[in-house]
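The next block holds one structure in the form of C-alpha coordinates; read it before the comments.
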Amino acid sequence: MKLETIGALSLLGSFPEPALVIDAAGDIRYGNPAAGTLLGVDGFRGGESITTYMPEDERSRLRPLEWLKRWADVPDAPEIRHVHLVCRSQDGTRIPTRVRVGRLETEPPHYVVLLQDIRDEQTRIQQTREAHRLAARMLAISMDAVLAVDASFKVIHANVAAERLFGYPSGGLLNKPLNLLLPERFRMAHQPAIDRFAAEPAPARLMGERAEIVGLTRSGEEVPLEASIAKITTANGFVFTAQVRDLRPRKAAEATLRETLASLRTVFENALQAMALLTPDGRVREMNAAARQLLPLDTPFAGEAFSALPFWSASPDDRESFLRQALAAAAAGRVYRGDVSVRLPDGAEHTLDFSLTPVMEGGDVRAIIAEARDLLRGDA
Amino acid sequence: MPKIVYVEHNGTAHEVDVAVGESLMQAAVNHAIPGIDGDCGGLCACGTCHVYVPAAFAALTGTPDELEQGMLEFAFDTNETSRLSCQIKATEAMEGMRLQLPARQY
(Lines give C-alpha, C1' and ligand atoms only; values in the text may rest on other atoms or scores of the structure.)
Protein backbone atom coordinates (compact mmCIF):
# COMPACT_ATOMS: atom_id res chain seq x y z
CA MET A 1 0.00 0.00 0.00
CA LYS A 2 1.27 3.40 -0.88
CA LEU A 3 1.46 6.14 1.75
CA GLU A 4 -0.94 8.33 -0.17
CA THR A 5 -3.64 5.69 -0.30
CA ILE A 6 -4.05 4.68 3.32
CA GLY A 7 -6.04 7.68 4.51
CA ALA A 8 -3.68 8.17 7.41
CA LEU A 9 -2.74 11.63 6.32
CA SER A 10 -6.27 13.04 6.48
CA LEU A 11 -6.63 11.37 9.85
CA LEU A 12 -3.44 12.99 11.14
CA GLY A 13 -4.48 16.32 9.65
CA SER A 14 -7.35 16.64 12.12
CA PHE A 15 -5.27 15.25 14.99
CA PRO A 16 -4.65 17.84 17.76
CA GLU A 17 -1.21 16.39 18.59
CA PRO A 18 1.83 17.38 16.49
CA ALA A 19 2.60 14.49 14.12
CA LEU A 20 5.10 13.97 11.34
CA VAL A 21 5.32 11.14 8.84
CA ILE A 22 8.87 10.25 7.83
CA ASP A 23 10.35 7.65 5.56
CA ALA A 24 13.06 5.17 6.52
CA ALA A 25 15.77 7.74 5.70
CA GLY A 26 14.24 10.23 8.10
CA ASP A 27 12.89 12.58 5.45
CA ILE A 28 9.62 14.29 6.29
CA ARG A 29 6.79 13.21 3.92
CA TYR A 30 4.01 14.94 5.81
CA GLY A 31 3.45 17.16 8.84
CA ASN A 32 0.05 17.99 10.31
CA PRO A 33 -0.97 21.58 11.17
CA ALA A 34 -0.27 20.99 14.89
CA ALA A 35 3.34 20.04 14.02
CA GLY A 36 3.58 23.18 11.90
CA THR A 37 2.45 25.26 14.87
CA LEU A 38 4.92 23.56 17.24
CA LEU A 39 7.88 23.95 14.91
CA GLY A 40 6.84 27.38 13.65
CA VAL A 41 6.55 26.45 9.97
CA ASP A 42 3.75 27.20 7.60
CA GLY A 43 3.38 23.77 6.03
CA PHE A 44 6.11 21.22 5.33
CA ARG A 45 7.68 21.21 1.90
CA GLY A 46 8.41 17.49 2.14
CA GLY A 47 11.77 15.90 1.60
CA GLU A 48 13.77 17.62 4.34
CA SER A 49 15.25 15.46 7.05
CA ILE A 50 13.51 15.36 10.41
CA THR A 51 16.90 16.22 11.94
CA THR A 52 16.61 19.68 10.36
CA TYR A 53 14.27 20.40 13.23
CA MET A 54 16.84 19.47 15.87
CA PRO A 55 19.52 21.86 17.17
CA GLU A 56 23.04 21.28 15.88
CA ASP A 57 24.44 20.03 19.20
CA GLU A 58 21.66 17.44 19.59
CA ARG A 59 22.30 16.06 16.11
CA SER A 60 26.02 15.73 16.69
CA ARG A 61 25.58 14.16 20.14
CA LEU A 62 23.12 11.40 19.45
CA ARG A 63 21.91 9.33 16.58
CA PRO A 64 18.30 10.49 16.29
CA LEU A 65 17.27 8.22 13.44
CA GLU A 66 18.51 5.12 15.25
CA TRP A 67 16.57 6.07 18.36
CA LEU A 68 13.41 6.71 16.29
CA LYS A 69 13.79 3.28 14.70
CA ARG A 70 14.31 1.66 18.11
CA TRP A 71 11.19 3.31 19.48
CA ALA A 72 9.20 2.13 16.47
CA ASP A 73 10.46 -1.41 16.98
CA VAL A 74 10.29 -1.42 20.82
CA PRO A 75 7.23 0.69 21.70
CA ASP A 76 7.63 -0.12 25.40
CA ALA A 77 11.38 0.64 25.57
CA PRO A 78 12.06 1.65 29.20
CA GLU A 79 13.82 4.91 28.27
CA ILE A 80 10.78 6.34 26.48
CA ARG A 81 9.33 7.49 29.80
CA HIS A 82 12.51 9.33 30.75
CA VAL A 83 14.30 10.69 27.72
CA HIS A 84 13.29 13.26 25.19
CA LEU A 85 14.57 14.80 22.00
CA VAL A 86 15.02 18.50 21.60
CA CYS A 87 13.27 20.13 18.65
CA ARG A 88 14.22 23.48 17.24
CA SER A 89 11.45 25.65 15.95
CA GLN A 90 11.95 27.93 12.98
CA ASP A 91 12.76 30.90 15.28
CA GLY A 92 15.46 28.87 17.07
CA THR A 93 13.50 28.04 20.25
CA ARG A 94 14.57 24.75 21.80
CA ILE A 95 11.56 22.62 22.60
CA PRO A 96 12.10 19.47 24.71
CA THR A 97 9.79 16.91 23.19
CA ARG A 98 8.68 13.43 24.18
CA VAL A 99 8.58 11.30 21.07
CA ARG A 100 6.49 8.23 20.25
CA VAL A 101 7.00 6.43 16.95
CA GLY A 102 4.63 4.11 15.08
CA ARG A 103 5.32 2.13 11.95
CA LEU A 104 2.95 2.54 8.99
CA GLU A 105 2.58 -0.65 6.96
CA THR A 106 3.22 1.01 3.64
CA GLU A 107 5.49 -0.02 0.86
CA PRO A 108 8.18 1.23 1.45
CA PRO A 109 7.57 1.58 5.26
CA HIS A 110 6.93 4.97 6.83
CA TYR A 111 6.82 6.10 10.43
CA VAL A 112 4.45 8.37 12.31
CA VAL A 113 6.35 10.49 14.80
CA LEU A 114 4.18 12.00 17.54
CA LEU A 115 5.72 14.99 19.28
CA GLN A 116 4.68 16.11 22.74
CA ASP A 117 5.91 19.47 23.97
CA ILE A 118 7.08 18.83 27.56
CA ARG A 119 8.34 22.30 28.50
CA ASP A 120 5.63 22.83 31.14
CA GLU A 121 6.08 19.30 32.45
CA GLN A 122 9.82 19.83 32.73
CA THR A 123 9.37 23.08 34.62
CA ARG A 124 7.02 21.32 37.05
CA ILE A 125 9.42 18.41 37.49
CA GLN A 126 12.28 20.83 38.07
CA GLN A 127 10.33 22.76 40.70
CA THR A 128 9.26 19.57 42.45
CA ARG A 129 12.80 18.27 42.37
CA GLU A 130 14.16 21.46 43.87
CA ALA A 131 11.51 21.51 46.60
CA HIS A 132 12.33 17.89 47.44
CA ARG A 133 16.03 18.61 47.47
CA LEU A 134 15.60 21.61 49.75
CA ALA A 135 13.54 19.58 52.20
CA ALA A 136 15.97 16.67 52.00
CA ARG A 137 19.01 18.87 52.63
CA MET A 138 17.30 20.50 55.60
CA LEU A 139 16.47 17.08 57.05
CA ALA A 140 19.98 15.84 56.38
CA ILE A 141 21.65 18.57 58.43
CA SER A 142 18.99 18.74 61.15
CA MET A 143 20.40 18.32 64.66
CA ASP A 144 17.10 16.75 65.69
CA ALA A 145 16.27 13.23 64.68
CA VAL A 146 13.39 13.20 62.20
CA LEU A 147 11.37 10.06 61.53
CA ALA A 148 8.30 9.38 59.44
CA VAL A 149 6.17 6.26 59.70
CA ASP A 150 3.31 5.15 57.46
CA ALA A 151 -0.12 3.98 58.56
CA SER A 152 1.29 0.52 59.35
CA PHE A 153 3.96 2.12 61.60
CA LYS A 154 6.84 1.21 59.37
CA VAL A 155 9.64 3.76 59.12
CA ILE A 156 9.48 5.44 55.69
CA HIS A 157 12.02 8.16 56.45
CA ALA A 158 14.80 8.55 58.98
CA ASN A 159 17.31 11.35 58.70
CA VAL A 160 21.01 11.08 59.50
CA ALA A 161 20.47 12.39 63.05
CA ALA A 162 17.82 9.70 63.65
CA GLU A 163 20.14 6.95 62.44
CA ARG A 164 22.90 8.29 64.65
CA LEU A 165 20.64 8.69 67.71
CA PHE A 166 19.29 5.14 67.48
CA GLY A 167 22.60 3.64 66.34
CA TYR A 168 21.64 2.39 62.88
CA PRO A 169 23.73 2.51 59.68
CA SER A 170 22.74 4.64 56.69
CA GLY A 171 19.36 3.38 55.47
CA GLY A 172 19.19 0.90 58.35
CA LEU A 173 15.91 2.19 59.79
CA LEU A 174 13.94 2.10 56.54
CA ASN A 175 10.96 -0.28 56.62
CA LYS A 176 11.66 -1.20 60.23
CA PRO A 177 8.68 -1.24 62.61
CA LEU A 178 8.48 1.79 64.88
CA ASN A 179 8.23 -0.53 67.90
CA LEU A 180 11.88 -1.38 67.43
CA LEU A 181 12.73 2.08 68.75
CA LEU A 182 10.63 1.75 71.91
CA PRO A 183 11.45 -0.21 75.07
CA GLU A 184 9.24 -3.32 75.33
CA ARG A 185 7.16 -1.95 78.23
CA PHE A 186 5.99 1.09 76.24
CA ARG A 187 5.05 -0.74 73.06
CA MET A 188 1.52 -1.72 74.12
CA ALA A 189 0.67 1.78 75.35
CA HIS A 190 2.11 3.58 72.34
CA GLN A 191 -0.37 2.27 69.78
CA PRO A 192 -3.53 3.62 71.50
CA ALA A 193 -1.74 6.94 72.04
CA ILE A 194 -1.09 7.26 68.32
CA ASP A 195 -4.66 6.19 67.53
CA ARG A 196 -5.95 8.96 69.81
CA PHE A 197 -3.66 11.45 68.09
CA ALA A 198 -4.89 10.26 64.68
CA ALA A 199 -8.50 10.83 65.76
CA GLU A 200 -8.07 14.29 67.26
CA PRO A 201 -8.41 17.42 65.10
CA ALA A 202 -5.01 18.93 66.01
CA PRO A 203 -2.50 18.42 63.16
CA ALA A 204 0.51 18.36 65.46
CA ARG A 205 1.65 18.16 69.03
CA LEU A 206 4.69 20.18 69.83
CA MET A 207 7.51 19.55 72.21
CA GLY A 208 6.52 20.52 75.72
CA GLU A 209 2.93 19.53 75.11
CA ARG A 210 3.94 15.93 75.66
CA ALA A 211 5.43 14.01 78.48
CA GLU A 212 8.98 12.83 78.12
CA ILE A 213 9.29 9.57 76.24
CA VAL A 214 11.91 6.84 76.22
CA GLY A 215 13.62 5.46 73.13
CA LEU A 216 15.56 2.25 72.61
CA THR A 217 18.81 2.24 70.66
CA ARG A 218 20.04 -0.63 68.55
CA SER A 219 22.49 -1.60 71.30
CA GLY A 220 19.64 -1.83 73.82
CA GLU A 221 20.29 1.42 75.65
CA GLU A 222 17.27 3.42 76.83
CA VAL A 223 17.40 7.12 75.97
CA PRO A 224 15.19 9.88 77.40
CA LEU A 225 13.63 11.77 74.51
CA GLU A 226 11.40 14.68 73.76
CA ALA A 227 9.33 14.62 70.57
CA SER A 228 7.00 16.76 68.55
CA ILE A 229 4.72 14.81 66.25
CA ALA A 230 2.61 15.67 63.26
CA LYS A 231 0.21 13.76 61.06
CA ILE A 232 -0.24 14.15 57.34
CA THR A 233 -3.10 12.59 55.41
CA THR A 234 -1.89 11.00 52.19
CA ALA A 235 -3.55 8.85 49.54
CA ASN A 236 -2.25 5.82 51.44
CA GLY A 237 -3.56 6.89 54.85
CA PHE A 238 -1.87 8.71 57.67
CA VAL A 239 1.82 9.46 57.75
CA PHE A 240 3.15 10.40 61.15
CA THR A 241 6.32 12.39 61.53
CA ALA A 242 8.26 12.86 64.72
CA GLN A 243 11.02 15.29 65.51
CA VAL A 244 12.94 13.71 68.33
CA ARG A 245 15.47 15.32 70.62
CA ASP A 246 17.93 13.44 72.81
CA LEU A 247 17.45 14.73 76.35
CA ARG A 248 20.70 13.24 77.73
CA PRO A 249 22.89 16.33 77.11
CA ARG A 250 20.29 18.60 78.71
CA LYS A 251 19.80 16.25 81.65
CA ALA A 252 23.55 16.02 82.20
CA ALA A 253 23.85 19.83 82.13
CA GLU A 254 20.96 20.14 84.55
CA ALA A 255 22.54 17.64 86.94
CA THR A 256 25.87 19.50 86.84
CA LEU A 257 24.08 22.76 87.50
CA ARG A 258 22.13 21.24 90.42
CA GLU A 259 25.33 19.86 91.99
CA THR A 260 27.17 23.15 91.59
CA LEU A 261 24.27 25.07 93.12
CA ALA A 262 24.05 22.61 96.02
CA SER A 263 27.80 22.97 96.73
CA LEU A 264 27.65 26.76 96.68
CA ARG A 265 24.54 26.80 98.88
CA THR A 266 26.25 24.47 101.35
CA VAL A 267 29.22 26.84 101.65
CA PHE A 268 26.98 29.92 101.95
CA GLU A 269 24.64 28.45 104.52
CA ASN A 270 27.35 26.84 106.66
CA ALA A 271 29.85 29.71 106.78
CA LEU A 272 30.64 30.91 110.33
CA GLN A 273 30.68 34.46 109.04
CA ALA A 274 27.40 36.35 108.66
CA MET A 275 26.87 37.03 104.97
CA ALA A 276 24.26 38.82 102.92
CA LEU A 277 23.96 39.10 99.16
CA LEU A 278 22.83 42.58 98.07
CA THR A 279 21.72 44.01 94.75
CA PRO A 280 23.93 46.78 93.29
CA ASP A 281 21.45 49.35 94.66
CA GLY A 282 21.74 47.93 98.18
CA ARG A 283 18.68 45.71 98.54
CA VAL A 284 18.87 42.38 100.32
CA ARG A 285 18.61 39.29 98.15
CA GLU A 286 19.70 36.66 100.64
CA MET A 287 21.12 36.33 104.15
CA ASN A 288 22.86 33.17 105.29
CA ALA A 289 22.15 31.15 108.44
CA ALA A 290 24.95 32.87 110.42
CA ALA A 291 23.51 36.28 109.56
CA ARG A 292 19.97 35.24 110.46
CA GLN A 293 21.30 33.92 113.78
CA LEU A 294 23.37 37.01 114.58
CA LEU A 295 20.69 39.51 113.66
CA PRO A 296 17.34 37.80 114.14
CA LEU A 297 14.66 39.73 112.29
CA ASP A 298 10.95 39.36 112.90
CA THR A 299 10.12 40.96 109.54
CA PRO A 300 10.90 39.63 106.05
CA PHE A 301 14.13 41.07 104.66
CA ALA A 302 14.26 39.93 101.05
CA GLY A 303 13.99 42.94 98.75
CA GLU A 304 14.30 45.46 101.62
CA ALA A 305 16.93 48.22 101.60
CA PHE A 306 19.92 46.94 103.61
CA SER A 307 20.29 50.33 105.31
CA ALA A 308 16.65 50.28 106.48
CA LEU A 309 16.92 47.00 108.42
CA PRO A 310 16.09 47.58 112.10
CA PHE A 311 19.34 46.38 113.71
CA TRP A 312 21.56 49.35 113.05
CA SER A 313 22.17 51.12 116.36
CA ALA A 314 23.34 54.58 115.25
CA SER A 315 20.75 57.29 114.85
CA PRO A 316 18.77 56.83 111.64
CA ASP A 317 20.45 59.85 110.03
CA ASP A 318 23.99 58.72 110.89
CA ARG A 319 23.55 55.15 109.72
CA GLU A 320 21.82 56.27 106.55
CA SER A 321 24.72 58.48 105.67
CA PHE A 322 27.39 55.93 106.67
CA LEU A 323 25.73 53.03 104.86
CA ARG A 324 25.01 55.15 101.82
CA GLN A 325 28.69 56.00 101.58
CA ALA A 326 29.73 52.41 102.11
CA LEU A 327 27.25 51.12 99.53
CA ALA A 328 28.25 53.84 97.09
CA ALA A 329 31.88 52.75 97.46
CA ALA A 330 30.90 49.14 96.83
CA ALA A 331 28.64 50.09 93.93
CA ALA A 332 31.58 51.95 92.40
CA GLY A 333 33.67 48.80 92.64
CA ARG A 334 35.64 49.57 95.85
CA VAL A 335 35.73 47.30 98.88
CA TYR A 336 34.51 48.94 102.07
CA ARG A 337 35.74 47.66 105.43
CA GLY A 338 35.25 49.09 108.94
CA ASP A 339 33.60 48.66 112.36
CA VAL A 340 29.87 49.18 112.73
CA SER A 341 27.55 48.99 115.70
CA VAL A 342 24.35 47.00 115.77
CA ARG A 343 21.74 46.49 118.45
CA LEU A 344 20.86 42.86 119.02
CA PRO A 345 17.37 41.76 120.06
CA ASP A 346 18.49 41.42 123.70
CA GLY A 347 19.20 45.16 123.68
CA ALA A 348 22.99 44.77 123.81
CA GLU A 349 25.07 46.79 121.39
CA HIS A 350 27.79 44.93 119.48
CA THR A 351 30.58 46.17 117.29
CA LEU A 352 30.98 44.19 114.06
CA ASP A 353 33.93 43.91 111.73
CA PHE A 354 31.95 44.79 108.59
CA SER A 355 32.74 44.73 104.88
CA LEU A 356 31.00 45.32 101.57
CA THR A 357 32.62 43.64 98.59
CA PRO A 358 31.42 44.43 95.07
CA VAL A 359 31.13 41.51 92.62
CA MET A 360 32.29 42.86 89.29
CA GLU A 361 31.40 41.54 85.83
CA GLY A 362 32.67 43.27 82.71
CA GLY A 363 33.25 46.56 84.56
CA ASP A 364 29.77 46.58 86.13
CA VAL A 365 28.77 45.75 89.69
CA ARG A 366 26.53 42.70 89.55
CA ALA A 367 26.04 42.25 93.28
CA ILE A 368 27.46 43.28 96.64
CA ILE A 369 28.44 40.85 99.36
CA ALA A 370 28.03 42.11 102.94
CA GLU A 371 30.01 40.21 105.58
CA ALA A 372 30.23 40.73 109.34
CA ARG A 373 32.00 39.20 112.37
CA ASP A 374 30.95 39.99 115.92
CA LEU A 375 34.16 41.34 117.55
CA LEU A 376 32.86 40.75 121.13
CA ARG A 377 32.16 37.07 120.71
CA GLY A 378 35.11 34.78 121.07
CA ASP A 379 33.62 32.07 118.86
CA ALA A 380 33.06 34.26 115.80
CA MET B 1 32.23 1.66 53.70
CA PRO B 2 34.24 3.68 51.18
CA LYS B 3 33.96 7.47 51.29
CA ILE B 4 32.97 8.89 47.93
CA VAL B 5 33.15 12.62 47.25
CA TYR B 6 30.58 14.10 44.87
CA VAL B 7 31.78 17.45 43.56
CA GLU B 8 29.04 19.69 42.17
CA HIS B 9 29.75 21.70 39.05
CA ASN B 10 30.12 24.82 41.23
CA GLY B 11 32.81 23.11 43.32
CA THR B 12 30.67 22.19 46.34
CA ALA B 13 31.92 18.82 47.60
CA HIS B 14 29.72 16.27 49.37
CA GLU B 15 31.38 13.40 51.21
CA VAL B 16 29.21 10.31 51.50
CA ASP B 17 29.82 6.93 53.14
CA VAL B 18 28.61 4.45 50.55
CA ALA B 19 27.84 0.85 51.46
CA VAL B 20 29.82 -1.69 49.45
CA GLY B 21 27.60 -2.93 46.62
CA GLU B 22 25.36 0.14 46.62
CA SER B 23 25.22 2.05 43.34
CA LEU B 24 26.88 5.45 43.35
CA MET B 25 23.64 6.96 41.98
CA GLN B 26 21.55 5.49 44.82
CA ALA B 27 23.95 6.75 47.48
CA ALA B 28 23.89 10.24 45.96
CA VAL B 29 20.09 10.28 45.75
CA ASN B 30 19.79 8.99 49.34
CA HIS B 31 21.90 11.91 50.48
CA ALA B 32 20.06 14.39 48.25
CA ILE B 33 23.23 15.40 46.42
CA PRO B 34 22.30 18.22 44.05
CA GLY B 35 23.40 17.42 40.50
CA ILE B 36 22.39 13.76 40.35
CA ASP B 37 18.77 13.04 39.49
CA GLY B 38 18.47 9.31 38.84
CA ASP B 39 15.00 9.68 37.30
CA CYS B 40 14.57 6.05 36.23
CA GLY B 41 15.66 4.65 39.57
CA GLY B 42 18.71 2.81 38.28
CA LEU B 43 17.39 1.06 35.17
CA CYS B 44 19.93 2.73 32.91
CA ALA B 45 17.03 4.30 31.03
CA CYS B 46 17.29 8.03 31.59
CA GLY B 47 20.89 9.26 31.56
CA THR B 48 20.28 11.63 34.51
CA CYS B 49 22.95 10.27 36.87
CA HIS B 50 25.85 11.30 34.67
CA VAL B 51 29.23 11.72 36.45
CA TYR B 52 32.86 12.14 35.40
CA VAL B 53 35.13 9.45 36.82
CA PRO B 54 38.74 10.54 37.51
CA ALA B 55 41.27 8.71 35.34
CA ALA B 56 42.97 7.15 38.37
CA PHE B 57 39.77 5.24 39.19
CA ALA B 58 38.78 4.31 35.65
CA ALA B 59 40.15 0.79 36.04
CA LEU B 60 38.04 0.25 39.16
CA THR B 61 34.80 1.53 37.69
CA GLY B 62 35.13 -0.32 34.38
CA THR B 63 33.79 0.75 31.00
CA PRO B 64 30.20 1.44 29.98
CA ASP B 65 28.34 -1.34 28.20
CA GLU B 66 26.34 -0.76 25.02
CA LEU B 67 23.13 0.15 26.85
CA GLU B 68 24.91 2.70 29.05
CA GLN B 69 26.80 4.05 26.06
CA GLY B 70 23.47 4.59 24.34
CA MET B 71 21.94 6.40 27.30
CA LEU B 72 25.04 8.59 27.63
CA GLU B 73 24.04 10.07 24.25
CA PHE B 74 21.14 11.76 26.02
CA ALA B 75 23.35 13.19 28.78
CA PHE B 76 24.62 16.74 28.69
CA ASP B 77 28.28 17.58 28.02
CA THR B 78 29.72 14.08 28.00
CA ASN B 79 33.37 13.16 27.46
CA GLU B 80 35.50 10.01 27.55
CA THR B 81 35.39 9.94 31.40
CA SER B 82 31.58 10.09 31.47
CA ARG B 83 29.69 7.30 33.21
CA LEU B 84 26.19 6.73 34.51
CA SER B 85 26.60 6.38 38.25
CA CYS B 86 23.72 3.90 38.53
CA GLN B 87 25.93 1.41 36.70
CA ILE B 88 28.84 1.66 39.18
CA LYS B 89 28.64 -0.36 42.40
CA ALA B 90 30.79 0.81 45.30
CA THR B 91 33.80 -1.25 46.35
CA GLU B 92 36.25 -0.68 49.22
CA ALA B 93 38.95 0.20 46.68
CA MET B 94 36.98 3.30 45.64
CA GLU B 95 37.79 4.99 48.97
CA GLY B 96 38.33 8.71 48.42
CA MET B 97 37.17 8.79 44.80
CA ARG B 98 36.09 12.30 43.74
CA LEU B 99 33.30 12.23 41.17
CA GLN B 100 32.79 15.47 39.24
CA LEU B 101 29.19 16.27 38.39
CA PRO B 102 28.09 17.97 35.16
CA ALA B 103 26.43 21.40 35.11
CA ARG B 104 23.05 19.76 34.55
CA GLN B 105 21.61 16.35 33.90
CA TYR B 106 19.60 17.11 30.75
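The values are calculated or read from the model by the stated rules, or taken from the named source; none is laboratory data. Since this is a predicted model, take the numbers as computed values, not measurements. As a convention, Cβ positions derive from the backbone with ideal geometry for all residues, glycine included, and neighbour counts pool all protein chains shown. Surface areas here come from the heavy atoms of the whole protein model, side chains and all, with no ligands, DNA or RNA. Shrake-Rupley method; radii C 1.70, N 1.55, O 1.52, S 1.80 Å.
Could you tell me which of A:275, A:232, A:252 has its Cα farthest along the dipole of segment A:220-308 towards the positive end, charges placed at Cβ (Lys, Arg +1; Asp, Glu -1), taken about the Cα centre?
A:232
Give me the extension gain from residue A:129 to residue A:248: residue separation times 0.36 nm, minus the current Cα-Cα distance, reported in nm with one decimal. Don't jump to the answer; show the numbers that get you there.
Values: separation 119, 0.36 × 119 = 42.84 nm, distance 3.66 nm.
This chain segment gains 39.2 nm when fully extended.
Round to the nearest 10 and report in Å² the accessible area of residue A:284, as given by a 1.4 Å probe over the protein chains' heavy atoms.
Ignoring ligands and nucleic acids, residue A:284 comes out at about 0 Å².
Between A:139, A:109, A:345, whose Cα lies farthest towards the positive end of the dipole of the protein assembly as shown when Lys and Arg beta carbons carry +1 and Asp and Glu beta carbons carry -1, centred on the Cα centre?
A:345
Using Cα centres only, tell me the gap between segment B:61-91 and segment A:95-119 in whole Å.
27
Quick check: the distance between the Cα centres of segment A:172-225 and segment A:37-77, to the nearest angstrom?
Distance between centres, Cα-based: 57 Å.
Below 30 Å, Cα to Cα, which lysines can residue B:89 reach? Residues fewer than 8 away in the same chain don't count.
A:154, A:176, B:3
Just to be sure I understand: with springs between alpha-carbon atoms less than 10 Å apart, which residue in A:140, A:77, A:131 has the highest mean-square fluctuation in the Gaussian network model of chain A?
Checking each option, the largest mean-square fluctuation is seen for A:77.
With N residues in segment A:3-122, what two-decimal value do you get for its Cα radius of gyration over 2.2 N^0.38 Å?
Numbers: Rg = 13.4 Å, N = 120, 2.2 N^0.38 = 13.6 Å.
Normalised by 2.2 N^0.38 Å, the Cα Rg of segment A:3-122 equals 0.99.
May I ask for the distance between the Cα centers of segment A:264-315 and segment B:1-26, given as a whole number of Å?
66
Can you give the net charge of the other residues whose Cβ lies under 15 Å from the Cβ of residue A:11, counting K and R as +1 and D and E as -1?
Net charge around residue A:11: -2.
Largest first and in whole Å, give the semi-axes of chain A's equivalent ellipsoid, each being the square root of 5 times a Cα gyration tensor eigenvalue. Kindly include the intermediate steps, with their values, before the conclusion.
Values: eigenvalues 1603, 150, 54 Å².
The three semi-axes for chain A are 90, 27, 16 Å.
Rolling a 1.4 angstrom probe over the protein chains, ignoring ligands and nucleic acids, what is the accessible area of residue B:67 in square angstrom, nearest 10?
Around 90 Å² of this residue is reachable by solvent.
For peptide A:80-86, how many partner chain Cβ atoms fall within 10 Å of a residue's Cβ, on average?
Working: counts 1, 5, 12, 12, 2, 1, 2.
Mean inter-chain Cβ contacts per residue within 10 Å come to 5.
Taking the alpha carbon gyration tensor of segment A:142-247, what are the square roots of 5 times its eigenvalues, largest first, to the nearest whole Å? Before the final figure, lay out the partial values.
Numbers: eigenvalues 79, 49, 36 Å².
For segment A:142-247, the semi-axes come out at 20, 16, 14 Å.
To the nearest 10 square angstrom, how much accessible area does residue B:1 have with a 1.4 angstrom probe?
100
Whole-Å semi-axes of segment B:12-106's equivalent ellipsoid, largest first, each the root of 5 times a Cα gyration tensor eigenvalue? Mind showing how you got there, number by number?
Working: eigenvalues 63, 44, 33 Å².
Each semi-axis is the square root of five times an eigenvalue, giving 18, 15, 13 Å.
Could you run the Karplus curve 6.51 cos²θ - 1.76 cosθ + 1.60 with θ = phi - 60° over segment A:132-146 and give me ³J(HN,Hα) per residue in whole Hz, x for Gly and Pro?
So the Karplus estimates, Gly and Pro as x, are 4, 5, 4, 4, 5, 5, 5, 5, 5, 9, 4, 6, 7, 6, 10 Hz.
Running a GNM on chain A with Cα contacts under 10 Å, which residue among A:44, A:153, A:238 ends up with the highest mean-square fluctuation?
A:44
5 Å is the cut-off here: which amide hydrogens, built 1.01 Å from N in the peptide plane, fall below it relative to residue A:44, excluding neighbours closer than 5 in sequence?
It is A:31, by chain and number.
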